[in-house]
Amino acid sequence: MTATTAPRLTNLLGMTREEMEAFFLSIGEKKFRAAQMLKWIHIEGCDDFAAMTNLSKALRTRLTEVAEIRGPSVVYEGSSSDGTRKWVLEVEDGSYVETVLIPADNGKRRTLCVSSQVGCSLDCSFCSTGKQGFQRNLTAAEIIGQVWVAQRSVGPRRDTANRPVTNVVMMGMGEPLMNYDNVVPAMKLMLDDDGYGLSKRRVTLSTSGVVPMLDKLGDELDVSLAVSLHAANDELRNELVPLNRKYNIRTLIDACHRYLAKCHDTRQVTIEYTVIKDVNDQQVHAEQLAAVLEELPCKINLIPFNPFPHSGYETPSRNQVMRFQQWLYDLGYTAMIRSTRGDDIDAACGQLVGRVKDRTKRHARYIQSIQIDAD
Ligand code: SF4
């Protein structure tokens, strides 16, 4: 006698409105069930069909036979003394991703930093995630699952004036534009009124400059854009962000202009600039930055480099970062210094390292270099 395997259940968690409508049509139901289901999942944080009391008993039974609502499992949840909260989540293949909720403005703003990949293929030289190599793209369910878990933990979104998550930044592990097909549906759910109901200005995609996909994104969604620039001359950026060899600074800035032109309202690009001691923190670098950003509506975030073992880089002094800020100010730019949050739970920028089980050759080389260093 051969063993029969149970049919695989369809996970509804990562489905956009259109996909949910198609699903209900496929099981002989009306399209409007999609809105009901989205509300149950994303507003109520519900994963139990039996509790969905506005669905008929027969439909609830049918759903348990063909579908499920399955988010990542929480393996760690921690709160920092500054109010930052972090979740370590286990996804399908046993890999871990991390998501962090950062409060600001006396708790009025709660920004969730969301990961898009397990590891990252882009190998930026100052980034601890880049040193782990790349394992795989997260699915749409695993991406939106991070928002779902955070919201369930903080409380359901019934009261729009007091949302558990007010902003989302796609700035965790991975390069979101290298996982376009899963990131876009997840962002659609963040924006959907029956999903997380966030405005386009409150959902930010951060990219290191995958130019063709940025052009594609502009055709589909006009969420806020952040660009990880980190250097304003190609020679240095080639070293810090190797993707620059493919899409150089001029090409990237031109793509930012095209993106802004497609937005339906007035926007700025957020320029992320990790300030690294004696690498990109001198006056000449501020002048180069001001020159490349000329005419681009933008604001600049200065992020003091967050050290990790054997990175080969150092954190600049607070005074040096403030000098850099002043140089930019004198050149007509406003730059914010991003404070490091959640240090006591490893939630600060550049520490969203997760644990990548299937490590690549790059990771092996990195480990080898650590061992050589240590000898
Ligand atoms: S900075 Fe971003 S794009 Fe670069 S390696 Fe790290 S996660 Fe990837």
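The values are calculated or read from the model by the stated rules, or taken from the named source; none is laboratory data. All figures in this text were calculated on a predicted structure; none of them were measured in a lab. Glycine gets a Cβ as well: all are built from the backbone with ideal geometry, and neighbour counts include every protein chain shown. Heavy atoms of the whole protein, side chains included, go into the accessibility calculation; ligands, DNA and RNA do not. Shrake-Rupley method; radii C 1.70, N 1.55, O 1.52, S 1.80 Å.
Taken along the Cα-to-beta-carbon direction at a fixed 7 Å, the label points for residue 36 and residue 64 span 1.7 nm.
Note on residue 261/residue 121: beta-carbon distance plugged into 1/(1 + (r/R0)^6) with R0 of 45 Å gives a FRET efficiency of 0.95.
For the chain, the longest principal axis of the alpha carbon atoms and the long axis of helix 211-220 meet at an angle near 40°. For the range 71-157, trypsin sites (Lys or Arg not before Pro) meeting the loop criterion (DSSP other than H, G, I, E, B) and having at most 11 other Cβ atoms within 10 Å: 108.
Find the accessible area per residue for the chain; the probe is 1.4 Å, ligands and nucleic acids are left out, and the unit is Å².
Accessible area per residue: 46 Å².
Rounded to the nearest 5, what % of the DSSP beta bridges within the chain are antiparallel ones? Don't skip to the answer; put the middle values down first.
Values: 21 of 47 bridges.
Counting DSSP beta bridges with both partners in the chain, the antiparallel share is about 45 percent.
A full extension of the chain between residue 234 and residue 216 corresponds to an added length of 4.1 nm, given 0.36 nm per residue minus the alpha carbon distance. Using a cut-off of under 20 Å, list every residue of the range 28-67 whose amide N is near the label point 7 Å from the Cα of residue 92 along the Cα-to-beta-carbon line. Residues passing the 20 Å test: 66-67. The lysines whose alpha-carbon is closer than 18 Å to the alpha-carbon of residue 131, local same-chain residues fewer than 8 away aside, are 357, 361. In sequence order, the range 162-179 has phi-based couplings of 9, 6, x, 10, 9, 9, 10, 10, 7, 9, x, 5, x, 9, x, 6, 8, 10 Hz under the Karplus curve 6.51 cos²θ - 1.76 cosθ + 1.60, θ = phi - 60°, and Gly or Pro positions carry x. Axis of helix 283-292 versus longest Cα principal axis of the chain: the two differ by about 50°, to the nearest ten degrees. Protection proxy ranking for 212-224, 51-63, using the average of other Cβ atoms within 10 Å per residue and placing the highest first: 212-224, 51-63. A cut-off of 5 Å between modelled amide H atoms, ignoring neighbours fewer than 5 places along the same chain, links residue 206 with 170, 226. When shorter helices are ignored and each DSSP H run of at least 4 residues is given -39500 (n - 2.57), the per-residue value for the chain at 222 nm works out to -10000 deg cm²/dmol.
The alpha-carbon of residue 30 sits under 24 angstrom from the alpha-carbons of these lysines, leaving out residues fewer than 8 places away in its chain: 39, 57, 188. Note on the chain: with neighbouring protein chains present and a 1.4 Å probe, carbon and sulfur make up 49 percent of its accessible heavy-atom surface.
Mind giving me the FRET efficiency for residue 81 and residue 48? R0 is 35 Å, r the Cβ-Cβ distance, nearest 0.05 is fine. List each step's numbers first, then the result.
Details: r = 35 Å, r/R0 = 0.99.
After rounding, the FRET efficiency stands at 0.50.
If you fit an axis through the alpha-carbon atoms of helix 361-374 and take the longest principal axis of the Cα set of the chain, what angle between them do you get, 0 to 90°, nearest 10? With both axes taken from Cα atoms, the answer is about 50 degrees. When the GluC sites (Glu not before Pro) in the range 22-116 are filtered for DSSP coil states and for at most 14 other beta-carbon atoms within 10 Å of their beta-carbon, the remaining sites are 92.
Each label was represented as a point 7 Å from its Cα along the Cα-to-Cβ direction; for residue 73 and residue 27 these points are 2.4 nm apart. Of all lysines in the structure, the ones whose alpha carbon falls short of 19 Å from that of residue 108, not counting any fewer than 8 places away in one chain, are 86, 200. At full extension, residue 317 and residue 199 could sit 38.8 nm farther apart than now, given 0.36 nm per residue minus the alpha carbon distance.
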